[in-house]
Amino acid sequence: MEADASSAPRCAIPAFAGAQAPDRSRTVSADGIRIAVHEWGPIDATPVLLVHGAMDFARTFDVFAPLLADGGYRVVSYDQRGHGGR
C-alpha cells in the first residue's frame, strides 16, 4: 500500500457553514485502486472511522468530523471504491 499526500483532492473553500477541510488528506493506492483518505484531529488520538453511504463521498463529513476532532478524537473518512472526486 502506498500513500501520496500531494495527489489527494483538497477543497479550498468549505461548502457549508461550519465545514472545515481535513487536517490531513492523502491518496492510498492498493492493487491499482486509488482511494482518498481524509483525517481531522490529533494523529495520536483514539481513531473514529466515518464511512459514507451510497452516492456520497468522504468529504460529506466536513461539518461533523471537526466536532469529533474537537472532542479529542482522530477522525478518518475515505472514499469508497467508485465514489468521491477521483
In the stretch 4-54, residue modelled with the lowest pLDDT [restricted to those that are more than 23 Å from Gly72 (Cα to Cα) and among the β-branched types (Val, Ile, Thr)]: Ile13
With the first residue restricted to the stretch 67-86 and required to be at pLDDT 70 or above, and the second required to be in a helix (DSSP H, G or I), Cβ contacts under 7 Å at 6 or more apart or on different chains are Val75/Ala65; Val75/Leu68; Val75/Ala69; Ser77/Ala58; Ser77/Phe61; Ser77/Ala65; Tyr78/Ala58; Asp79/Ala58
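The values are calculated or read from the model by the stated rules, or taken from the named source; none is laboratory data. Predicted model only: the values in this text are computed from it and were never measured. Glycine gets a Cβ as well: all are built from the backbone with ideal geometry, and neighbour counts include every protein chain shown.
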